[in-house]
Amino acid sequence: MLPEWIYFAVLTEQFRVTGKENMTGAGGLKRIPRPFLEEWKIPVPKLSVQKKQVTRIVKIQEETKQLENSIQDKLTNLKALKSSLLDQAFKGEL
């Protein structure tokens, strides 16, 4: 089994929700108990399928990061434009 496969398996909503329901401890010290982790069933397809899916997930993560960066750049540019327009407006230059 690919280590990345395990990593992505524990990132799933199902794992997080079920893990949260089984947490032990108090307040900020809550944790998932070892027996829960030992008994959690991770589906294990063929290695070729794992590789294909991991590659697909990584590609989606990279594309998402690029989109986030693009959005952040556009927000920065819009804020600068707003500031510039307000400055021009207050100076009566519009």
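The values are calculated or read from the model by the stated rules, or taken from the named source; none is laboratory data. Keep in mind it's a predicted model, so treat the numbers as computed, not measured. For neighbour counting, all protein chains shown are included, and Cβ atoms are generated from backbone atoms with ideal geometry for every residue, glycine included. All accessible areas refer to the heavy atoms of the entire protein, side chains included, with ligands and DNA or RNA removed. Shrake-Rupley method; radii C 1.70, N 1.55, O 1.52, S 1.80 Å.
Fully extending the segment from V54 to S83 would add 6.1 nm, taking 0.36 nm per residue of separation and subtracting the current Cα-Cα distance. A simple spin-label model places the labels of N69 and R16 2.4 nm from each other, with each point 7 Å out along Cα-to-Cβ. Rounded to the nearest 0.05, the FRET efficiency derived from the C-beta distance between L2 and R31 at R0 = 30 Å is 0.75.
Only protein atoms count toward the accessible area here, which uses a 1.4 Å probe; on the chain, the carbon and sulfur part of that area reaches 59 percent.
In the context of the full set of protein chains, the chain has a per residue accessible area of 86 Å² (1.4 Å probe). Sequence-distant contacts, meaning Cα pairs under 8 Å at least 6 residues apart, place the relative contact order of the chain at 24 percent. In this Cβ point-charge picture (+1 for Lys and Arg, -1 for Asp and Glu), the chain has a dipole of about 240 debye about its Cα centre. The residue list I60, L81, Q50 was ranked by how far each Cα lies along the charge dipole of segment 46-91 toward its positive end, using unit charges on Cβ atoms, and Q50 comes out on top.
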